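Rule-based calculations on the coordinates, nothing more; no lab input. Worth saying up front: this structure is predicted, and the values here are computed from it rather than measured. Cβ: placed from backbone, ideal geometry, glycine included. Neighbour counts: every protein chain shown.
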Amino acid sequence: MNAIDKVIARINELSRKNKTVGLTPEETVERDELRRQYLDNFKRNFRDQLDTIKWAEDEENGENGGGSTTH
């Protein structure tokens, strides 16, 4: 299990506990921090995926995709 899987598992655990008996103030802070970590990781991975996209039009024109293109 990698680090993000552990974060997700803990978020889910805290979510289940919140629905049943509630969370302590410390657990609420932990949950919020874990959610922030998860979202930061998601955004970083999504940005990395977007940065690797190459437009077919740019490749046809011999461009490397570094500049902005109006579509």
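Per DSSP H run of at least 4 residues, take -39500 (n - 2.57); add these up for the chain, divide by its residues and hand me the 222 nm value, nearest 500 deg cm²/dmol.
When only DSSP H runs of four or more count, the value is -23500 deg cm²/dmol.
Using only the Cα atoms of the chain, build the gyration tensor, take square roots of its eigenvalues as a ≥ b ≥ c, and label the shape rounded, prolate or oblate: rounded if a/c is under 1.5, else prolate if a/b is larger than b/c, else oblate.
It comes out prolate by the Cα gyration axes.
Using Cα atoms only, what is the angle between the long axis of helix 3-20 and the major principal axis of the chain, expressed in degrees (0 to 90) to the nearest 10?
That works out to roughly 40 degrees.
Tell me the label-point distance for the pair ILE4, THR28, using the 7 Å Cα-to-Cβ offset, in nm and rounded to one decimal.
Label at ILE4, label at THR28, 2.9 nm between them.
So how tilted is helix 25-51 from the main axis of the chain? Cα-based, degrees 0 to 90, rounded to 10.
Once rounded, one gets 10 degrees.
In whole Hz and in residue order, list the ³J(HN,Hα) couplings for region 52-62 that follow from phi through the Karplus curve 6.51 cos²θ - 1.76 cosθ + 1.60, θ = phi - 60°; x for Gly and Pro.
Coupling constants for region 52-62: 8, 6, 10, 6, 4, 4, 5, 5, 5, 8, x Hz.
In debye to the nearest 20, how big a dipole does the chain give about its Cα centre with +1 on each Lys and Arg Cβ and -1 on each Asp and Glu Cβ?
Its charge dipole is roughly 660 debye.
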